[in-house]
1. May I ask you to list pairs of residues, at least six apart or on different chains, whose Cβ atoms are under 6 Å apart, with the first in region 175-201 being within 18 Å of residue 140 (Cα to Cα) and the second being more than 16 Å from the ligand (Cβ to nearest atom) and assigned to a loop (DSSP other than H, G, I, E, B)?
2. Please give the strands (runs of 3 or more DSSP E) falling wholly within region 93-193 in which 1 or more residues are more than 14 Å from the ligand (Cβ to nearest atom).
3. Identify the residue in region 49-62 that is surrounded by 15 or more Cβ atoms within 10 Å (Cβ to Cβ) and within 16 Å of the ligand (Cβ to nearest atom) and, among all such residues, is farthest from residue 186 (Cα to Cα).
4. How many of the residues in region 29-47 are in contact with a helix residue (DSSP H, G or I) (Cβ under 8 Å, 6 or more places away or on another chain) and not in a loop (DSSP other than H, G, I, E, B)?
5. Failed condition for residue 72, given (1) over 20 Å from residue 150 (Cβ atoms); (2) within 16 Å of the ligand (Cβ to nearest atom); (3) not charged (D, E, K, R), with all others met?
Amino acid sequence: MRLAQRIKRLQAARRQSAHGWYPRARRVPSPNADERSGSTPVDLLVIHNISLPPGQFGGSAVEALFTNRIDPSAHPFFAQIADLRVSAHFFVRRGGQVVQFVDIHRRAWHAGVSELVTPQGRRERCNDFSVGIEFEGTDDKVFTVRQYAAGARLTRWLRRRLPLVHLRGHSEIAPGRKTDPGAHFDWIRFMRGSGFPAAARSACAELQC
Ligand SMILES: [Zn+2]
């Protein structure tokens, strides 16, 4: 193969691989991901919160959990979760830094047993057709100004690449099982910043999902 041809192919491959990675994020690839099954469009954004140990911010344990490197002896809680195989596409830290674990075109393992309720019907297995953003936090604390700014910027980028029309919290697709992102997540503020239309959640209120 001629050199020019090879360079062209390499450049195309690089563009392809960069396509699903947010340029402003630090990349920490997770093995806990696979190909999306079927041809369902990715039309759901799921908001979560996480902190490890719960309520402590700033450490490296979330990255360790999502890359199967958590040390079960470092904290009593870690022993309970060390065998989990989970991930999210993104993690937005308290200071607004963004970490990406999974290409947006692949399936991250963030929703678990879940069901999206819309006026059009019900769909299970939300991982198949969603992107997951974890905000560093807890159910009982407000999120930071920088997190809303970073989350909005990230979501605008996502909306240019994926046909996202539904916006839900983890607790709304896994009621009774999950409680995040909690009552302190300001949906109005997030939607204003990210450009989501009110319809992305109005159906949710009507349906009490
Ligand atoms: Zn969650």
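Values in this text are rule-based calculations from the coordinates and carry no lab data. Given the structure is predicted, the values throughout are model-derived calculations rather than measurements. Heads up, the Cβs are rebuilt from the backbone with ideal geometry, glycines too, and the neighbour counts pull from every protein chain shown.
1. Pairs that qualify, where the first residue is within 18 Å of residue 140 (Cα to Cα) and the partner is more than 16 Å from the ligand (Cβ to nearest atom) and assigned to a loop (DSSP other than H, G, I, E, B), are 184/142.
2. Output list reads 98-100, 106-108, 115-118, 121-124, 166-169.
3. By that ranking, first place goes to 61.
4. 4
5. Exception for residue 72: condition (2).
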